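Right, one structure below, let's go through it.
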Amino acid sequence: MNAPESADVLRQHLIDPEICIRCNTCEETCPIDAITHDSNNYVVKADVCNGCMACVPPCPTGAIDNWRLVLKADAYSVDEQLGWDVLPEQGTTAALAPAAVDTSSAAASTPDNAIDDPSPEVDTVRGSTVPPWSAAKPYVNLYAHKAPVKATVVGNYRLTDEATESDIHHIVLDFGTIPFPVLEGQSIGILPPGASADGRAHHARQYSIASPRDGERPRYNNVSLTVKRVTQDHAGGATVGVCSNYLCDLKKGDAVDVIGPFGSTFLMPNHPDSHLLMICTGTGSAPMRAMTEYRRRRRLKGATGKLLLFFGARTKEELPYFGPLVNLPKDFIDTNLAFSRTPGQPKRYVQDAMRERAADVAQLLKDANTYIYVCGLKGMEDGVLQALKDVAERHGLNWETLWQTLKREGRLHLETY
Ligand code: FAD
Ligand code: A2P
C-alpha cells in the first residue's frame, strides 16, 4: 500500500494531470512498477505503490508529488485516474481529519509512513537526482497548462542535409517582454494546437533548450530548440508526430504556447575549472550545444575546464550543428563524432568512440571536477554506461563505487527519450 496512515486510511500517491508533461521519467524510475499510463495520463497503482519516493526527485515538474488521504476502501483506481483532467480535492470527512496536515512529499517521507529506506533512489536511479553543487538555481514551472506563455517564432531552419531522411530543425522562440529565465540543460513544454481523437486537448511535449541562459542571441529574451520531425514510430511504422511536425512547420511570426521551464538537476556546474564530459546522439545535442555555447561565451572570462564531446549520428549530413561544431577551436572543445551509416564504413556508435579515447575519458573520470551528461536515444543509455564502466575498470577504478559517487555528487546526468 502507498503510505498507510492507519488501518483504514491511506496517503494515496497521485500524479497531477494538469502539470504532468508525460515524460515517462516516473514510470522508468519506479523500482516496483507502480506507475502506468495510457495516451491521456500517468497514474499510480494504489495497491502497488509503497511510497518509497524514488520517483519524486527525478520528476521535472513536481506533478508526481501529490498525495491525498483517502479511506483505503475508497482509494482511487487506475481507471479513475486515467480519466482525470484535474486532481480531486482533498476529502474532508471526519475519518480523514489529518488531511489538514501537509500532504506533500515532505509529509509523506516522515518516519510514520512505512518507508524502510528513506533514499532508495540511490540504487534505483541510474543518474544523479541532484544538480552539480555549483549550478545556478533554476526556475521551474513558471508557466503551466492553464496559463501558457505565447512565444513568437523568430527563426526555423533545417539543420540536416535536404537529401537525407532526418529532418531536424533549429527553432528560435522569442518571449518578448515576458520573463522566461532558463538554464542550460532545462527544457520547455510546447502545447500543440488541436485535440486528439478522444476530443482532449493535446498534451504538452518536452524539448531541451539548445541555447545558453543569456539567450540564443546574447541578451535577447529567446531560446532555441533542436527538433526532429517524427515520421516513424518506435517500431518503424509510418506516423505523423503531433508536436514535432507542428514545430518543424512553424513560420516566422507564428505564436506558440509554451509552458515551463522544467528540470532542476540536468544543469551545468558554474565553477570555471569544472570539466564537461558530454555524450549525445541526434537531438540530444541540444543541451550540449547550450552548455558549450555558455562556456564559449565565458571562456574569455577565465573558464578553464575541459570539454570532451562524443556525438553520434547516422551520417555527417544528419548530424545537427555539424558545421559550427567542427569549426570550434580544438583547444576549446575535444569533439569526437561517431557515424553509424556512412556508406562503406563500419557502424560506429558514441560508445565505440569513447573506448577509442579511453585514456582521456579515464583521466576525466579520475577528476572530482568532472561532470557527465548523456542525452539522446533511450537505447544509448545502457551502451554508454557500459562503456564508462569498461573504461573505468581498465584504468584501475572501481566502477560501482565511482558510479555511486558520481550520482550522489550530481556528476552523472542522463536524459534519454
Ligand atoms: P507523438 O505524436 O507524441 O508520437 C507519434 C508516434 O511516434 C508515437 O507512436 C510515439 O511513440 C512515437 N514517437 C514519439 N517520440 C518519438 C521519437 N523521438 N522518435 C521516434 N518515435 C517517436 N525531441 C526533440 O526532437 N528534441 C528535443 O530536444 C527533445 N527533448 C526532449 C527532452 C525530454 C526530457 C523528453 C522526455 C523528450 C524530448 N524530446 C525531444 C521528445 C519530444 O518530447 C517528443 O516526444 C517528440 O518530439 C515526439 O513528439 P510528437 O508529438 O511529434 O510525436
Ligand atoms: P543507427 O544507425 O543504428 O540507427 P537517430 O538518427 O535515430 O536519432 O539516431 C542517432 C544515432 O544514434 C544514430 O547513429 C543511431 O544509429 C545511433 N544509435 C542507435 N542506437 C544506439 C545505441 N544503442 N547506442 C548508441 N547509439 C545508437
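Mind checking which residues of region 374-404 are in contact with a strand residue (DSSP E or B) (Cβ under 6 Å, 6 or more places away or on another chain) and within 16 Å of ligand 1 (Cβ to nearest atom)?
Those that are in contact with a strand residue (DSSP E or B) (Cβ under 6 Å, 6 or more places away or on another chain) and within 16 Å of ligand 1 (Cβ to nearest atom): Val374, Cys375, Gly376, Leu377, Lys378, Met380, Glu381.
Return only the number of the condition from (1) within 10 Å of ligand 1 (Cβ to nearest atom); (2) surrounded by fewer than 24 Cβ atoms within 10 Å (Cβ to Cβ); (3) more than 20 Å from His202 (Cβ to Cβ) that Asp233 does not satisfy.
Single failed check for Asp233: (3).
Of the residues that sit in region 6-18 and are under 18 Å from Lys72 (Cβ atoms) and surrounded by fewer than 21 Cβ atoms within 10 Å (Cβ to Cβ), which one is modelled with the lowest pLDDT?
Ser6
Listed here are the residues, each with its yes/no results for (1) of a type in the set (Asp, Glu); (2) under 30 Å from Cys23 (Cα atoms); (3) at pLDDT 95 or above; (4) in contact with an Asp or Glu (Cβ under 6 Å, 6 or more places away or on another chain).
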| position | (1), (2), (3), (4) |
| --- | --- |
| Gln345 | no, no, yes, no |
| Ala359 | no, no, yes, no |
| Asp367 | yes, no, yes, no |
| Cys375 | no, yes, yes, yes |
| Met380 | no, yes, yes, no |
| Val384 | no, yes, yes, no |
| Thr401 | no, yes, yes, no |
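Looking only at region 350-373, filter to residues that are without any contact (Cβ under 8 Å) to a residue 60 or more places away in the chain and part of a loop (DSSP other than H, G, I, E, B); which one of those is surrounded by the fewest Cβ atoms within 10 Å (Cβ to Cβ)?
Ala368
Only one of these conditions is not met by Glu318: (1) within 17 Å of Ala387 (Cβ to Cβ); (2) near ligand 2 (Cβ under 10 Å from one of its atoms). Which number is it?
The single condition Glu318 does not satisfy is (1).
Name the residues in region 178-198 that are of a type outside the set (Gly, Ala, Ser) and closer than 12 Å to Val140 by Cα, would you?
Correct list: Phe180, Pro181, Val182, Leu183, Gln186, Ile188.
Only residues in region 242-267 that are more than 16 Å from ligand 2 (Cβ to nearest atom) count as the first member; pair them with residues that are assigned to a helix (DSSP H, G or I), Cβ under 8 angstrom, at least 6 apart or cross-chain, and list the lot.
Close Cβ pairs (under 8 Å, with a partner that is assigned to a helix (DSSP H, G or I)) amount to Val256/Leu247; Phe266/Pro287.
Within region 384-397, which residues are among the small types (Gly, Ala, Ser) and either touching a residue at least 60 places away in the same chain (Cβ under 8 Å) or in a loop (DSSP other than H, G, I, E, B) (or both)?
Gly396
Could you list, in sequence order, the residues of region 256-289 that are small (Gly, Ala, Ser) and under 18 Å from Arg411 (Cβ atoms)?
Gly263, Ser264, Ser274
Quick one: which residue in Tyr294, Tyr246, Tyr220 is of a type in the set (Ser, Thr, Tyr), more than 16 Å from ligand 1 (Cβ to nearest atom) and closer than 25 Å to Ala147 by Cβ?
Tyr220
Of all residues being under 15 Å from Phe310 (Cβ atoms) and free of Cβ contacts under 8 Å to residues at least 40 places away in the same chain in region 328-346, which is nearest to ligand 2 (Cβ to nearest atom)? Just the residue, please.
Ser340
Within region 256-275, track down each residue that is closer than 20 Å to Ser187 by Cβ and not in a loop (DSSP other than H, G, I, E, B).
Within region 256-275, Val256, Asp257, Val258, Ile259, Gly260, Pro261, Phe262 qualify.
Out of Phe262, Phe266, Phe322, Phe311, I need the residue that is surrounded by fewer than 20 Cβ atoms within 10 Å (Cβ to Cβ) and at negative phi. Which one?
Phe322
Exactly one condition in (1) over 29 Å from Gln386 (Cβ atoms); (2) touching a helix residue (DSSP H, G or I) at 6+ places or on another chain (Cβ under 7 Å) is not met by Thr304; state its number.
All conditions pass for Thr304, except number (2).
Closer than 18 Å to Gly282 by Cα, touching a residue at least 40 places away in the same chain (Cβ under 8 Å) and surrounded by fewer than 17 Cβ atoms within 10 Å (Cβ to Cβ): is that true of Glu381 in this structure?
No.
Could you tell me how many of the residues in region 306-352 are away from ligand 1 (no atom under 16 Å from the Cβ) and touching a His at 6+ places or on another chain (Cβ under 9 Å)?
Of the residues in region 306-352, 3 are away from ligand 1 (no atom under 16 Å from the Cβ) and touching a His at 6+ places or on another chain (Cβ under 9 Å).
Checking the structure you have, find out if any residue of region 398-410 is outside any helix (DSSP H, G or I), surrounded by fewer than 17 Cβ atoms within 10 Å (Cβ to Cβ) and among the polar types (S, T, N, Q).
Scanning region 398-410, I find at least one residue that is outside any helix (DSSP H, G or I), surrounded by fewer than 17 Cβ atoms within 10 Å (Cβ to Cβ) and among the polar types (S, T, N, Q), so the answer is yes.
The values are calculated or read from the model by the stated rules, or taken from the named source; none is laboratory data. Being a predicted model, the structure only gives us computed values, none of them experimental. With ideal geometry, Cβ positions are generated from the backbone for all residues, glycine too; neighbour counts draw on all protein chains shown.
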